[in-house]
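Written out below as structure tokens is the structure these notes cover.
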Number of protein chains: 4
Amino acid sequence: MKAIELSAKWNPKPNYKLGLKDIEGKLTYLGSQVWKHPEVQLVEKSVPKIKPNEVLIKVKRCGICGSDVHMNQTTKDGYIYYPGLTAFPVTLGHEFSGEIVESGIKAFNKRTGKPYEKGEPVTVEEMVWCGECKPCCDGYPNHCERLQEIGFSIDGAFAEYIAVPAKLCWSLKKLEKRYEDIYKIGSLVEPTSVAYNAVIERGEGIRPGENGIILGAGPIGLAAVKILKTAGAGLIIVSEPEEHRAQLAKKMGADYVFSPLKENFTDKVQELTDNEGAAIYLEATGLPDMVIPDIQNTIWECKAVNSTVVIVARAEQHMPVCGEYFQVRRARIVGAQGHSGHGTFPNVISSMGAGMDMTPMITKEISLEEVPKHLQLLQTDRENCKISVKI
Amino acid sequence: MKAIELSAKWNPKPNYKLGLKDIEGKLTYLGSQVWKHPEVQLVEKSVPKIKPNEVLIKVKRCGICGSDVHMNQTTKDGYIYYPGLTAFPVTLGHEFSGEIVESGIKAFNKRTGKPYEKGEPVTVEEMVWCGECKPCCDGYPNHCERLQEIGFSIDGAFAEYIAVPAKLCWSLKKLEKRYEDIYKIGSLVEPTSVAYNAVIERGEGIRPGENGIILGAGPIGLAAVKILKTAGAGLIIVSEPEEHRAQLAKKMGADYVFSPLKENFTDKVQELTDNEGAAIYLEATGLPDMVIPDIQNTIWECKAVNSTVVIVARAEQHMPVCGEYFQVRRARIVGAQGHSGHGTFPNVISSMGAGMDMTPMITKEISLEEVPKHLQLLQTDRENCKISVKI
Amino acid sequence: MKAIELSAKWNPKPNYKLGLKDIEGKLTYLGSQVWKHPEVQLVEKSVPKIKPNEVLIKVKRCGICGSDVHMNQTTKDGYIYYPGLTAFPVTLGHEFSGEIVESGIKAFNKRTGKPYEKGEPVTVEEMVWCGECKPCCDGYPNHCERLQEIGFSIDGAFAEYIAVPAKLCWSLKKLEKRYEDIYKIGSLVEPTSVAYNAVIERGEGIRPGENGIILGAGPIGLAAVKILKTAGAGLIIVSEPEEHRAQLAKKMGADYVFSPLKENFTDKVQELTDNEGAAIYLEATGLPDMVIPDIQNTIWECKAVNSTVVIVARAEQHMPVCGEYFQVRRARIVGAQGHSGHGTFPNVISSMGAGMDMTPMITKEISLEEVPKHLQLLQTDRENCKISVKI
Amino acid sequence: MKAIELSAKWNPKPNYKLGLKDIEGKLTYLGSQVWKHPEVQLVEKSVPKIKPNEVLIKVKRCGICGSDVHMNQTTKDGYIYYPGLTAFPVTLGHEFSGEIVESGIKAFNKRTGKPYEKGEPVTVEEMVWCGECKPCCDGYPNHCERLQEIGFSIDGAFAEYIAVPAKLCWSLKKLEKRYEDIYKIGSLVEPTSVAYNAVIERGEGIRPGENGIILGAGPIGLAAVKILKTAGAGLIIVSEPEEHRAQLAKKMGADYVFSPLKENFTDKVQELTDNEGAAIYLEATGLPDMVIPDIQNTIWECKAVNSTVVIVARAEQHMPVCGEYFQVRRARIVGAQGHSGHGTFPNVISSMGAGMDMTPMITKEISLEEVPKHLQLLQTDRENCKISVKI
């Protein structure tokens, strides 16, 4: 079968010390410290064999994620951008949907409560949580101590077929009533779930009528816009400097979008909310050191108590947090990571089935063969949001 | 000024013993045990004087509530139906909106953080919570130990003017952008808040994509339909035998409405939800002994865990609850009462401002003079839902 | 090795229809409908073999549970009392502790984050949750759709050795500092966890200073007494008619114990709490139809709002619940089942390590050989609480 | 009557602009920007008159708080240290207990549900929340927009008598069974409630068996130690460099106390908790920029997910927060302020009644006449914790 494979050279930086869970020459938890000279190409592989608790999926759609781009993008010294768990060579692709074509003897369908049958349309969690470590046993699979990641440390879905544990699969049947191409929107369940986990599970959602403010209109920020509108937000305000992204935010349902380069953030929020502020602020820019001062000044100046600041974008920079603002306004900061557990995937699918249409995020549809080229283009292209690969 | 006043005869039933907080000849917590021969008429009263922490409101709209009807409706022995707190004679009316025309020196506008100014459009909580008993101090004004009720134990809003504590008022400014007649929808904030308190505060809401089932499509049930759709419900299913009500439920956004007299409740829910069931069940029929068996059988048969059954309709009947069903399905039952506190009124207004239009519930608009007649008609009329009085 | 095995005759009642998950002649979800003529005896079995994700435990202690007695106790027609999941013949015993003596290659120790080593002292969840059904994936293993139960449907711990999935094991290391015999108290982790799940996870605990009322001083009720005292309860009041049990409740820390046969429940609670009532009521009697009226009258008469009634004992009887009491007092009823997930086992062990000593519950210690006799005795003995078997 | 009064000179700093709610010459929300040359003296005042909703209290005990010291302490340029709401001259003192000696006609006793009677022993919230602004109406009196503060902006309790709104009073009756001097421990309810609000209300408490780490063993940190031990903490670890404070922490129940000047914070916590970390970290040092890096490194290195960092000490410094640590460990930061609402005062009293004895915090007892001298001494004295004034 055809697959898009990324290979790279294991060449740890001089000062890098292998971690306890790293495997020499094969797997690391800190990709950008180790891998050099990545190469992406269309290869021929054999169709994977499934284990008793696995299913074989014929992939129909797979979206390109920013991390796919960053695994293939290098700094001047040749090391890849992507800082996380990686084991190369690997088939890329983790935002996908497809059809069950084979099912292990122990592969259980959560929808029916019976063994999987051929033909079930599904999407799949990217995080292969172990189910046996303490966070998993306590109900927090997003914080699994022995995580593997599809399309990062094990083979992904830019391929004709993929084998995955059945427990990671969620049926797309509910989408059939509303969408002609359930696989297209189905491939958006994974990124939408990252946003849902951030604002609904970690941010504890909003009550209908409360406001939300989204900083950054990348895929996660855009998904959060739609989720919070679906949840009954009074106003959703988006801060985004890039014009194409701003347009998309409007399409996804934002009530107001402004550029923080052109407007004073706090003034604008005060004006748009009649000085109320918001119940939830989502940091989705990756520039927390720049935006946190704006967020906390706004919390301070506006009247709302109990605001929650959710940090979903990854960043290494420290944020200059002023505790007093969080005391006076009864506010809090929470970190968000992952998309598994807590009913997130099935709730996202169910929401989509009820009309939460995320497809405006897809700005281009391509074939598998076009993936390598687009991984290159996306290093600089800011006009596309989500590119969806038809397989 | 003109006002609709209800008077009745203080004539406690033989076996009735005055409660600790009852006041001989004037006020009782158990109206149906005490009041006989109610009479409703249009009277002339003087415009009320305000205290320093009060405002005077020129009433614009006031809806007729079932309890208005029941205060005026009697059993064979002449006692009124309404079982609760009452002090007659009283001006009826508690679902209202109007404009501030005078403001006490200490009357504080929660919207502006400044003293009230003339012209602010407002709606008002019906529950005059004391703010000084333990439930009030702990944050539970719906359970105030020293409650007074507007239109029940103190003069209400079927009148040209009403004086109320400023702390009970909530601005309707946010509705101006979307609604031509903000007072019409504004008079629906109170009943909507009863439903919001039931499903959002007490029922702890739903996550987007989860299902809700509403039993009974009276005003509270209908409001709950719209609120839960606004909150992103996957499916909202309504059980309602009466055809006009069923039609209204569809108008308010229900995905499915069925008659429990024609369909088996559990079978129908299993069919419509692919055997999933629902996150929330709202008992809004007043017949809990009849519907609880259906609800708990459905919880038992369907797959969902963590269902919440919210009891919002008042009823004296015992419900035959089977604990094991609630154990196996990790379910619970909560009682809901009131509309105050917890941000409910402002969140309802804000939701309306964002498009949660409850006005389809209003099936007729009348004048103040027509109120007495309609209080009579509504004793038997099942076709009207909410009658709105223009003042 | 030696083991206590229960066998019985598969003889479904005439009107009994096998369930979807029942297995003819072997396994049923409704034991009392199927199994006749149980026999318990000490047998010789071979030491079990472990799978890659399992460990072999040398059992040190195992407590006798009421369900062990009920599997061996019959009604007049010869059917066993125990109504749940069973597959006979089976080695009994599920409240146990022991030492790891062999470890599968994939057996992961949650304490160390490494493979299990010999010598780790552990206790084990009785519920073998699958980790792959929807409730498991959502974080609710107590509601696993494919549960197996140690000592019921798979071999238990009244034996010298037992093989179990490593994910069910929890280290007892923390107990070494405080207890001489960590296996003795370690065998109480399972029943304590059932109570902890009921009052802390499902009942959402108490805030320090709030009151709790426990109805029924069997093992679960007694464990709940100690847990809520540990959690800082203001007063813990126990309702228990049986004198030995009442004495034990005092030993476990109850502030007051009274007999509901001699005192009026509501009057007594009003008197002892200065009319405040309690934050939590635990139904642990198995007679919900008898005690719920007492509980809800007390909620009604006392001042506390927000009371939670937790149903932990199993019973088929319907409870006559009056919704209005739960509305007026902002109260709720929740069902509780199981002991897995939510950090319960490790928190119980940690609490024991910090001084929550449950060993007063153990009223007798016996050998493996003495188990069959004591399963008989316990059918009538009301003086013993927990009998602990040294192996 | 005798009273300890602080007066100062209104002399706003050159660059200081009066706030909207400041009152020229009388009241400011930013004391240290305005008041110069404070003087404290014992004066003779008339016994205050009560309003209808107020009570007159004969003060029995009043503790000295750090803020009392800071209102009387100046920087080099003569301005007071205390940065908050102040209106001078004022009678100091806000951590107090006493006996009701007179009661307004509307003064309602929350304990009895009846008007206050003479003789009731009470303690009083320091925060005079208005009950009418949005945060108050929503249930968040600690964030009242129109706060007055006893002993800061209105006369306090270093006096023989004080008049206060009845709604702020809480009965000490529950303490009579256990304590000989209920007024002594009663005067500790206020500071204990600040800690209770921080760790139980804002930090959402702990489950029995979970660990807590307290940074800083001043009065709030010490109270938090005892509260969390009362709530069933597995381990309580205190970081405190000062030897006398460290000793007190042990007395209050800390399992371990170490000096962050002598030990590496993260290493020590890893060692003491077997690398688990803690469910709650309380920043009570006032040096958040220094301790936050330690806290978040510890969260990162230890295994616990879901840690909550509560900021209770006031400080202007920014904390260098690394969002990624909070993402990976599912952690959060919350601000805590105040002691009102949420059942906090009554729960603290009830906890004390059940044995949570905070009196070891009192290191000295003095008379009213000795207050001025001790306000001076406490500017440098680090050996005393809480000084209690007998009146």
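The values are calculated or read from the model by the stated rules, or taken from the named source; none is laboratory data. In this text, all values refer to a predicted model and were calculated from it rather than measured experimentally. In this analysis, Cβ positions are derived from the backbone assuming ideal geometry, glycine residues included, and neighbour counts consider all displayed protein chains.
Please give the number of the condition A:Gly355 fails out of (1) modelled with pLDDT of 95 or more; (2) part of a loop (DSSP other than H, G, I, E, B); (3) within 11 Å of chain D (Cβ to nearest Cβ); (4) surrounded by fewer than 22 Cβ atoms within 10 Å (Cβ to Cβ).
That leaves (3) as the condition not met.
Within the range D:156-184, can you find the residues that are within 14 Å of chain C (Cβ to nearest Cβ) and in contact with a Phe, Trp or Tyr (Cβ under 7 Å, 6 or more places away or on another chain)?
D:Trp170
Would you check which residues across the range A:195-206 are surrounded by fewer than 24 Cβ atoms within 10 Å (Cβ to Cβ) and in contact with a helix residue (DSSP H, G or I) (Cβ under 7 Å, 6 or more places away or on another chain) and list them?
Correct list: A:Glu201 only.
B:Lys250 versus (1) of a type in the set (D, E, K, R); (2) away from chain A (no Cβ under 12 Å); (3) under 30 Å from A:Val348 (Cα atoms); (4) assigned to a loop (DSSP other than H, G, I, E, B): which is the lone unmet condition?
(4)
Answer yes or no as to whether D:Gly286 is away from chain C (no Cβ under 14 Å), touching a residue at least 40 places away in the same chain (Cβ under 8 Å) and part of a helix (DSSP H, G or I).
No.
Quick one: which of A:Cys144, A:Cys130 is touching a helix residue (DSSP H, G or I) at 6+ places or on another chain (Cβ under 7 Å), surrounded by fewer than 20 Cβ atoms within 10 Å (Cβ to Cβ) and either among the small types (Gly, Ala, Ser) or more than 27 Å from A:Met356 (Cα to Cα) (or both)?
When all the criteria are applied, what remains is A:Cys130.
May I ask you to list the residues in the range A:89-114 that are in a strand (DSSP E or B), closer than 27 Å to A:Lys9 by Cβ and either charged (D, E, K, R) or touching a helix residue (DSSP H, G or I) at 6+ places or on another chain (Cβ under 9 Å) (or both)?
A:Val90, A:Glu95
So for the range A:311-328 (the condition being at positive phi, touching a Phe, Trp or Tyr at 6+ places or on another chain (Cβ under 9 Å), within 7 Å of another protein chain (Cβ to nearest Cβ) and charged (D, E, K, R)), does at least one residue qualify?
no
Restricting to the range A:90-136, name every residue that is away from chain C (no Cβ under 14 Å) and either out of contact with any strand residue (DSSP E or B) (no Cβ under 8 Å at 6 or more places or on another chain) or of a type in the set (A, V, I, L, M, F, W, C) (or both).
Of everything in the range A:90-136, those that are away from chain C (no Cβ under 14 Å) and either out of contact with any strand residue (DSSP E or B) (no Cβ under 8 Å at 6 or more places or on another chain) or of a type in the set (A, V, I, L, M, F, W, C) (or both) turn out to be A:Val90, A:Leu92, A:Phe96, A:Ile100, A:Val101.
Looking at (1) surrounded by fewer than 24 Cβ atoms within 10 Å (Cβ to Cβ); (2) within 14 Å of chain B (Cβ to nearest Cβ), can you tell me which one C:Glu383 breaks?
(2)
Would you mention how many residues in the range B:329-345 are more than 8 Å from chain C (Cβ to nearest Cβ), part of a loop (DSSP other than H, G, I, E, B) and in contact (Cβ under 8 Å) with a residue 60 or more places away in the chain?
Residues that pass the stated criteria total 5.
Tell me which of these B:Leu377 doesn't satisfy, since it passes every other one: (1) in contact (Cβ under 8 Å) with a residue 60 or more places away in the chain; (2) closer than 17 Å to B:Gly218 by Cβ; (3) of a type in the set (A, V, I, L, M); (4) out of contact with any helix residue (DSSP H, G or I) (no Cβ under 8 Å at 6 or more places or on another chain).
(1)
Tell me whether the range C:137-153 contains one or more residues that are within 13 Å of another protein chain (Cβ to nearest Cβ), in contact with a strand residue (DSSP E or B) (Cβ under 8 Å, 6 or more places away or on another chain) and outside any loop (DSSP other than H, G, I, E, B).
Looking through the range C:137-153, at least one residue is within 13 Å of another protein chain (Cβ to nearest Cβ), in contact with a strand residue (DSSP E or B) (Cβ under 8 Å, 6 or more places away or on another chain) and outside any loop (DSSP other than H, G, I, E, B).
Give A:Ile349, A:Ile295, A:Ile299 a once-over and let me know the one that is within 30 Å of C:Pro141 (Cβ to Cβ) and crowded, with 24+ Cβ neighbours inside 10 Å.
When all the criteria are applied, what remains is A:Ile349.
Only one of (1) outside any loop (DSSP other than H, G, I, E, B); (2) away from every other protein chain (no Cβ under 13 Å); (3) under 25 Å from A:Gly353 (Cβ atoms) is not met by B:Arg245, so which one is it?
(3) is the only condition that B:Arg245 fails.
Sort out which residues of the range B:1-43 are buried (at least 19 other Cβ atoms within 10 Å of the Cβ), out of contact with any Leu (no Cβ under 7 Å at 6 or more places or on another chain) and in a strand (DSSP E or B), and write them in order of number.
B:Ala3, B:Glu5, B:Ala8, B:Leu27, B:Thr28, B:Trp35
Does D:Asn306 satisfy being at the interface with chain A (Cβ under 9 Å from one of its Cβ atoms) and touching a Lys or Arg at 6+ places or on another chain (Cβ under 8 Å)? Steps first, answer last, please.
Values: at the interface with chain A (Cβ under 9 Å from one of its Cβ atoms): yes; touching a Lys or Arg at 6+ places or on another chain (Cβ under 8 Å): yes.
Here the answer is yes, as D:Asn306 does meet what is asked.
Looking for whichever is of a type in the set (Gly, Ala, Ser), touching a Lys or Arg at 6+ places or on another chain (Cβ under 7 Å) and surrounded by 17 or more Cβ atoms within 10 Å (Cβ to Cβ) here; the options are A:Ser97, A:Ser67. Which one fits?
So the residue among A:Ser97, A:Ser67 that is of a type in the set (Gly, Ala, Ser), touching a Lys or Arg at 6+ places or on another chain (Cβ under 7 Å) and surrounded by 17 or more Cβ atoms within 10 Å (Cβ to Cβ) is A:Ser97.
Is there a residue being over 30 Å from B:Leu147 (Cα atoms), at pLDDT 95 or above and either among the hydrophobic types (A, V, I, L, M, F, W, C) or not in a helix (DSSP H, G or I) (or both) anywhere in the range B:308-319?
no
Provide a single number: the residues in the range C:24-59 that are within 23 Å of C:Leu172 (Cα to Cα), touching a Pro at 6+ places or on another chain (Cβ under 8 Å) and more than 14 Å from chain A (Cβ to nearest Cβ).
1
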